[in-house]
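Shown next, in structure tokens, is the structure this report addresses.
Read the figures in this text as sums done on the coordinates, not as results from a lab. Everything numeric in this text was worked out from a predicted model, so none of it was measured. Note: ideal-geometry Cβ built from the backbone for every residue, glycine included; neighbour counts use all protein chains shown.
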Amino acid sequence: MTARMAEETHLFEEDFSPIEVKVHQILREQILSGELEAGTRLIERDLADKLHISRTPVREALRKLDAEGLIQIIPRKGGVVLEISNEEIIDMFRILECLESLAVRQAAERITPESRKILESVDETTVESMIHAICQVSRNKRLEEMIKGLADVLHATARVGREQPGRATQATAEHREILAAVKQGDGERAAELVHQHINRSVEAYQQQLKKR
């Protein structure tokens with residue numbers, strides 16, 4: 001258990017979301033940041049004692065992390081933080097491509113003069129802002145949750161790709177093109193641009209791995 005988790009227990013008093021949601025968020029952030037490394041054991045009883053809560057919300061949080069593929073629950077041993085392979089990362093990129101393609105198609109189909117203003121206020125350098133805006137326009141909150149969950153994992157596990165010189169600037173330009181296509185109501189063009197964007201992200205990730 002990290003010191004940071006102990007420090008964050010005061011948030012339980014300020015945040016009115018369910019306790020298991022708070023525990024899940026804390027553990028998820030620590031796994032994705034690398035603070036909880038692959039192989040780290042997450043023992044239900046110990047976590048509950050550290051957080052001064054019952055074991056039930058901890059159990060639910062661990063189950064959700066297991067469903068997300070971030071840990072593996074081993075009977076009588078608790079959860080173990082998993083190491084995500086390069087093959088799994090590539091698979092996640094492809095799943096993200098499918099989800100984002102659906103999002104931009106729906107947004108292009110459902111865009112209105114009012115919702116177009118949402119896209120015009122997007123910060124193209126921020127992936128979270130872009131995802132939120134497109135899914136707002138598509139009126140598909142469940143899709144936004146799925147995309148954001150996967151994008152968060154990739155942001156952490158494939159961060160090496162963003163180290164490629166010029167990739168950040170290129171990605172911002174790609175975001176701008178995707179948004180322009182959605183604003184024009186051209187879902188097929190937007191989906192094709194998503195495909196190109198993901199391909200370049202995968203390529204940047206693989207190239208940077210070779211340099212290590």
Amide H partners (placed H, <5 Å) of Leu42, local residues excluded: Gly79, Val80, Val81
Cβ charges +1 (Lys, Arg) and -1 (Asp, Glu), total dipole of the chain, debye: 300
Taking a crude spin-label model, label points 7 Å out from Cα along the C-beta direction, the Arg63 to His195 distance in nm is 4.0
Please name whichever of His132, Cys98, Ser33 sits farthest to the positive end of the charge dipole of the chain, dipole taken about the Cα centre and charges placed at Cβ: Lys and Arg +1, Asp and Glu -1. Cys98
Please work out how much length the chain gains when fully extended from Glu109 to Gln136, using 0.36 nm per residue of separation minus the C-alpha to C-alpha distance, in nm with one decimal. 8.5 nm
Per-residue ³J(HN,Hα) for the range 104-111, Karplus 6.51 cos²θ - 1.76 cosθ + 1.60, θ = phi - 60°, Hz, x for Gly and Pro: 6, 5, 5, 4, 5, 5, 9, 5
Can you tell me the FRET efficiency between Arg41 and Gln184 if r is taken as the Cβ-Cβ distance and R0 is 41 Å, rounded to the nearest 0.05? 0.20
Fewest first, what order do His197, His132 take by the number of other Cβ atoms within 10 Å? His132, His197
Any of Lys117/Lys141; Lys50/Lys148; Lys50/Lys77 with alpha carbons more than 20 Å apart? Name them for me. Lys50/Lys148
For Gln206 and Thr125 in one chain, what is 0.36 nm times their gap in residues minus the Cα-Cα distance, to one decimal in nm? 27.0 nm
